[in-house]
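In what follows, a structure is listed as structure tokens, so that the remarks can point back to it.
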Amino acid sequence: MPELTTILFYIFAFITVGFAIIVVSTKNVMYSAVSLFMSLFGIAALFLLLRADFLALTQVMVYIGGILVLLIFGIMLTTKITDAEIKTNNLSYIPAAFFTTGIFVILIFVLYTTKWNQKTPIQNEETISQIGKALLSSYVLPFEIASIVLLVALVGAIMFSRKK
Amino acid sequence: MEITLYHYLTVGAILFSLGLYAMISRKNAIMILMGIELILNACNLNFIAFSKYGGLGVDGQLISIFVILLAVAEAAIALAIVLNIYNNFNTANIDEVDSMKD
Amino acid sequence: MNNFTEILKSINSFLPELSVITTLLLCLIADIIIRKKSPIVTIIAIAGLLVSAYFVYMQSAVQESLFSGMLVIDPFAVFFKYLFILSSIIILIFFEFSNEIKESTHKNEYSYLILSLVLGAFLMASSVNLLMMYLSLELASLTSYILAGYSKSEKKSSESSMKYLIYGAASSGIMLYGMSLLYGFTGSLDIYEISRYLATNPTPNAFIYLTMIMIAAGLGYKTSSVPFHFWTPDVYEGSPTPVTAFLAVTSSAAGFSLITRLFLTTFLGSTQIVDGAFSIIAGIHWQEIIIVISVASMIVGNFVAIWQKSLKRLLGYSSIAQGGYMLAGLVVADTIGLTAMLIYLSAYLFMNLGAFFVTILIVNKLGTDDIEQMKGLGYRLPFVGVAMAVFMLALSGIPATVGFIGKFYLVTALMKPGAGYLWFAIVLMLNSVVSLFFYLKVVKSMFLERADNTDELPGIKFSVQSYIILILLLIPTIFFGLYFGPIVKLAESSAVLFGIR
Amino acid sequence: MAELKILGIGVLSWMVFLPVLGMIIVLALPKSQTKAIKYIAAGFMVLLMFISVYMLANYDSSKAGVNSLEGLQFVEKVTWIDVDFPAAMIGKIHIEYFLGADGLSFPMVLLTALIGFVGAVASFSIKKNEKGYYAMYLFLITGMMGTFVALDFFLFFVFWEIMLFPMYFLIGIWGGERRLYAAIKFFLYTLFGSVFMLIVMIALFFSSKDPQTGLHTFNLITLMNPQTFPPESFFGVLGNTWRLLAFAGLFIGFAIKVPVFPFHTWLPDAHVEAPTAISVILAGVLLKLGTYGLIRISFPIFPDAARYFMYPMAILAAINIIYGALCAMAQKDFKKLIAYSSISHMGYVLLGMASLTTIGMNGAIFQMFNHGTITAVMFLMVGVIYDRAHTRGLYDFGGLANKMPKYFAVTMIAFFASIGLPGLSAFISESFIFLGGFNNEIIRIVTIVSATGIILNAAYILWTVQRVFLGELPTKWDGLNDISVRELISSVPLIVIIIALGIYPSLFINLMSNSVTQLISFIMK
């Protein structure tokens, strides 16, 4: 009888990968966006399995709540929902698929042949306080710079969307 | 059967490849952006998996937080640019947005 | 040590960056208060950069690690900071001259966007942590996307910003994946830790190649190296010219600082330098990757540039090739190679900015950068034409210009006994012969060909300020070509990476 | 080390940088002052001639020079660049502003001053954008003069390259119809050659170790000393592959300038498209830079390789002589004919050098000078007829001998000199060259074969005389005027020199014979 975490991993992995496949294969942009939503949700669940509770939360709140909403806005503003089919020439799918498969094979090869840095995983430790401490001590610089990045993004977005 | 690092890495590799596939084969700017989101998530999954199985503390999680944060900033700018393109060209397909040639 | 005291101590050495950040915010506030196009914002920005330059100067001989190993200060970073400050001051002035910018609808956003790119570049030059590298790279990239689309109602400009964004986001994603693998293998984000781990543990070749190619994708994109260069021609052509100059000089220099530090530090077997040569970890053939990228960049850049009709596009391809030359300095992996690279970068600053300034002046008057349209232009604007000829010859590396000194040192570094890169030196020089072909194309169009009505058209006059700027760019281009001692000394004393002695 | 100064500045510096001063003055004048510009430029060239006469008066022909610092004259030596070489590498990059003259370079300095003046006078017919023209012209003179007197390889290379772009503009702006093509071809060919020169230069730098200071060096005089190369360096072992490769690389660089077959194809294009004065400079001085480079750099630094490549060089020389002459015979264009005859005559020079004998080398240098003067006159004469008739077709003319007697006389002297008629200068140099070649057993057969070039040479020249000067005058040329005073001013001095040196060659040979003896004994050691 497999463990519960094993079962959960497979469920969420299949959700993640399955929806990701839909993201890249469907012709409807809206479907893609919704599938991406599900896929990202699956990843958030995987994060939980990896004991990254804070990150799972961030994933749901920021990624799904923020980025996806932005993307869906973008779709709605740039396409009429009724004819959201994308024009593509079918030819480009095949070489792309071959290329990607090749990359995938190489990746898997490297991932499985490399001896990764592995130790016994730390079990059941709360990460939020550690992250909080790190952000205000050794990671204080990235933390501050990130704020500048957001400021720049803000300025840029305003600049682009301002009326003449 | 126990879930190991390699399981997570495989999921990450699949996501990465799918993202790459989306970037290569898709023509719509927003679709390409979605592909990029898949790649970034593959990276995050890697970082967190490594950090757990390598017993490396929270470094991996922290870098993931920053990746998410940058993804937000990038998406915001991307959206603004795509909307601007849409205003100028009336399309978001990058095949049709091609006024410069060699 | 107590974290808090360490942060306080680090802030003391963080003054150059802090003054850039402060200036950025001041510009933002000034822009909001003034609410119209005004040189005051630019003046604030330049003043802030000068203050920052002063603080950089104070760090001249410092070697220090900051913020628990996120950043370092060393002569190498200081050199690049000078480079960024100088080039961005010049480009801020370019912005004042360009009609493309005057006609655009916004006011002064460019000054603080430039400052934020400078901040990103500063951090790129001194990051020693993968997270910090990624973060600073993204800060610089995000800013450049916005700047590329600065003339937002121009179709070309908005197209270039979108292409830039898509390629940029994709390649930085790939780079991040490579970084995650490196992290997984070595268990650290700090490049010194990584270096130590790689030196003591057997590293499979497949892993190192894959990781390095992925990381090179992100960095090669910043330095517009083949095969990560696809964005370059379109973005160079489509962006407003001052922005193009900024991307070609400051942003790619930042890319070079990062790629150099990352590769040279990560693959260092021991921190001892013997006879100027870095001891590279045995069995890791990272140089091969750089060689392929470098040679491909030279060849593609030079040969494709021959067919270009747009001056900005031509300069775009030329900068691909120039990037290829500079990477040759990295391949040698010793102090001489590093010095040669720094010399070339500083040479490149003057001659490329000069070429772009002439482009700005011409685009202002002609409204186009089509080389065909410049027939006989040299007779209508003799001084500017001659200046352009000098910059073009400098870019192709003819002696008595600073461009030759750069090439000379690169070839010298490649030919150092025992380096074994004689063939590389020959390839490099032959490429510069090819490059002459298209650089002369500009000169040919301006002087050797004549439009039917050249003689009737009146001469074109420019403002006194433009002549002054032009002369200020010409002087170093020629002076350092004839007397290159100072520039070599500066580069040489700057070829010191933190932790390597 | 003899020095000679004017106003505290070395005389060779004056020679090199006076034209730059002239250029600055020309550039400062307004565009409309064409007369002033012309006369200032010509005035500076006259000044150059005066200085060269002054130098001639102070020249001590008993001193040999070549590889001995003491034997050099008019020496100027100042440190130019002195920077430590990065990190712990041995030594530093030390580049000197090092000028000097000896029997190899001094004749070329005289030639440059002379032809430079002739060219400046011949340039008076330029009617387009004079300011730019004379600025470029003067700059070109600086480049050429500098190359002839530089004794530091780096300095030599800088001068070698900077003379390219005034030439590019002179051909490209003031040239004929296909000037764009000719200009870029000239530029790219030379630059291609200098790639190898640069590589060899840096290789020499790295393998050298100045016996006195222990530093790497660019100093040509030091590099000529075999002790400069430690045995473990690239060039340490005489006759090793690296030395041969380096010689070959340098040879390509110089051969393109000469031009030696198969690198010669730029020359006919450049000559045909260039304006008259520039053709004069090109044939009169520029081509000599290639052969001068061989005797100044290639031969003394790699004497073993020079001996090794003696035979192939002689073969190339023979090809040049015969192929050039045959091509000249096939031409319908007057200027192209002279261009190909230049290729043929530069073949003689190469043959004389390849013989590696004192007499052959004397002949080669003398031939360099003679070819400079003779071809200059021939190009001037083509220019004269082209200015009047606007065509250079050999078959378009006939019977000009009666119509333009003075023109006929001047041209005939040049033509006969070119054939090598006794009593004219080229006779001496050509016979020296063939004597030299014949004395060298290895290349004797090649010399005999190439001597047929003399016959071919006579054939195409005489045929040209027949086509242009003899026979019926076509009626359309009834209005042609004879040669003007200005044109005479530019050609007569050259004619005088041609005749004078034909009668009394030791006047010239004395200047260089000591140096040549030293060079050959040094090479054959």
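The values are calculated or read from the model by the stated rules, or taken from the named source; none is laboratory data. Keep in mind that this is a model prediction, so the values were computed, not measured. Quick reminder, even Gly has a Cβ in these numbers, built from the backbone with ideal geometry, and neighbours come from all protein chains shown.
Does D:PHE169 satisfy the criteria of being facing another protein chain (nearest Cβ under 10 Å), in contact with a Leu (Cβ under 9 Å, 6 or more places away or on another chain) and farther than 20 Å from D:SER298 by Cβ? Here the answer is yes, as D:PHE169 does meet what is asked.
Of the residues making up the stretch D:308-332, just one is out of contact with any helix residue (DSSP H, G or I) (no Cβ under 7 Å at 6 or more places or on another chain), over 14 Å from D:ILE343 (Cα atoms) and in contact (Cβ under 8 Å) with a residue 40 or more places away in the chain, namely D:TYR311.
Criterion first (within 14 Å of chain A (Cβ to nearest Cβ) and either hydroxyl-bearing (Ser, Thr, Tyr) or buried (at least 24 other Cβ atoms within 10 Å of the Cβ) (or both)) does C:SER87 satisfy it? Taking the combined requirement at face value, the residue does not satisfy it. Within the stretch B:62-82, is there a residue that is more than 26 Å from A:THR101 (Cα to Cα), within 8 Å of chain C (Cβ to nearest Cβ), at pLDDT below 90 and surrounded by fewer than 24 Cβ atoms within 10 Å (Cβ to Cβ)? The answer is no; no qualifying residue exists. Take the conditions (1) facing chain A (nearest Cβ under 10 Å); (2) more than 30 Å from C:LEU15 (Cα to Cα); (3) not in a helix (DSSP H, G or I); C:SER151 misses just one of them, which is (1). The residues on offer are D:PHE432, D:PHE397, and the sole one that is modelled with pLDDT of 90 or more and buried (at least 18 other Cβ atoms within 10 Å of the Cβ) is D:PHE432.
Restricting attention to the stretch B:83-95, and to residues there that are at negative phi and part of a loop (DSSP other than H, G, I, E, B), which single residue is nearest to the other protein chains (Cβ to nearest Cβ)? The qualifying residue nearest to the other protein chains (Cβ to nearest Cβ) is B:ALA92.
Looking at the stretch D:219-252 only, could you name the residues that are touching a residue at least 40 places away in the same chain (Cβ under 8 Å) and under 14 Å from D:ASN67 (Cα atoms)? D:ASN219, D:LEU220, D:ILE221, D:LEU223, D:MET224, D:ASN225 - these are the residues of the stretch D:219-252 that are touching a residue at least 40 places away in the same chain (Cβ under 8 Å) and under 14 Å from D:ASN67 (Cα atoms). Within the stretch B:27-34, is there a residue that is among the hydrophobic types (A, V, I, L, M, F, W, C), touching a residue at least 40 places away in the same chain (Cβ under 8 Å) and more than 28 Å from A:LEU48 (Cα to Cα)? Checked the stretch B:27-34: at least one residue is among the hydrophobic types (A, V, I, L, M, F, W, C), touching a residue at least 40 places away in the same chain (Cβ under 8 Å) and more than 28 Å from A:LEU48 (Cα to Cα). Take the conditions free of Cβ contacts under 8 Å to residues at least 60 places away in the same chain, in a loop (DSSP other than H, G, I, E, B) and more than 13 Å from the chain's Cα centre (by Cα) and apply them to B:GLY55. Does it pass? Judged against the criteria, B:GLY55 is a match. Mind checking whether some residue in the stretch B:15-22 is modelled with pLDDT under 85, more than 8 Å from chain C (Cβ to nearest Cβ) and either over 17 Å from the mean Cα position of the chain (by Cα) or farther than 18 Å from A:ASN117 by Cα (or both)? Checked against the condition, which is being modelled with pLDDT under 85, more than 8 Å from chain C (Cβ to nearest Cβ) and either over 17 Å from the mean Cα position of the chain (by Cα) or farther than 18 Å from A:ASN117 by Cα (or both), the stretch B:15-22 yields no hits at all.
Output the residues belonging to the stretch C:217-236 that are β-branched (Val, Ile, Thr) and either within 13 Å of C:TYR145 (Cα to Cα) or within 11 Å of chain B (Cβ to nearest Cβ) (or both). Correct list: C:THR232, C:VAL235. Is it fair to say A:ILE21 is over 11 Å from the mean Cα position of the chain (by Cα), at the interface with chain B (Cβ under 7 Å from one of its Cβ atoms) and modelled with pLDDT under 90? Spelling it out, it is not the case that A:ILE21 is over 11 Å from the mean Cα position of the chain (by Cα), at the interface with chain B (Cβ under 7 Å from one of its Cβ atoms) and modelled with pLDDT under 90.
Residues in the stretch A:31-54 that are modelled with pLDDT under 90, at the interface with chain B (Cβ under 8 Å from one of its Cβ atoms), part of a helix (DSSP H, G or I) and over 11 Å from A:PHE12 (Cβ atoms): A:SER32, A:ALA33, A:PHE54. From C:GLU96, C:GLU159, C:GLU138, grab the single residue that is in contact (Cβ under 8 Å) with a residue 12 or more places away in the chain, part of a helix (DSSP H, G or I) and within 11 Å of chain A (Cβ to nearest Cβ). Exactly one residue qualifies, and that residue is C:GLU138. Annotation: of all residues in the stretch A:117-134 being more than 9 Å from chain B (Cβ to nearest Cβ) and assigned to a loop (DSSP other than H, G, I, E, B), the one that is modelled with the lowest pLDDT is A:ASN124.
The set of residues from the stretch D:474-492 being among the acidic types (Asp, Glu) and either surrounded by 14 or more Cβ atoms within 10 Å (Cβ to Cβ) or outside any loop (DSSP other than H, G, I, E, B) (or both) comprises D:ASP482, D:GLU487. Can you list residue pairs whose Cβ atoms sit under 7 Å apart, with the first residue in the stretch D:139-159 being within 13 Å of another protein chain (Cβ to nearest Cβ) and the second being small (Gly, Ala, Ser) and not in a helix (DSSP H, G or I)? Count only pairs 6 or more apart in sequence or on different chains. Close Cβ pairs (under 7 Å, with a partner that is small (Gly, Ala, Ser) and not in a helix (DSSP H, G or I)) amount to D:PHE156/D:ALA150; D:VAL158/C:ALA400; D:PHE159/D:ALA150.
This table checks each residue for (1) over 27 Å from C:SER494 (Cα atoms); (2) modelled with pLDDT of 90 or more.
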| position | (1), (2) |
| --- | --- |
| C:ALA277 | no, no |
| C:ILE299 | yes, yes |
| C:ALA321 | no, yes |
| C:VAL332 | no, no |
| C:ILE343 | no, yes |
| C:MET351 | no, yes |
| C:PHE357 | yes, yes |
| C:ILE360 | yes, yes |
| C:GLY376 | yes, no |
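Look at the stretch C:37-52: where a residue is among the charged types (D, E, K, R) and a partner is surrounded by fewer than 17 Cβ atoms within 10 Å (Cβ to Cβ), sitting 6+ places away or on another chain with Cβ atoms under 9 Å, you get C:LYS37/C:LYS102; C:LYS37/C:LYS107. The set of residues in the stretch D:502-511 that are farther than 14 Å from D:PHE432 by Cα and either touching a helix residue (DSSP H, G or I) at 6+ places or on another chain (Cβ under 6 Å) or in a helix (DSSP H, G or I) (or both) comprises D:ILE503, D:LEU507, D:ASN510, D:LEU511.
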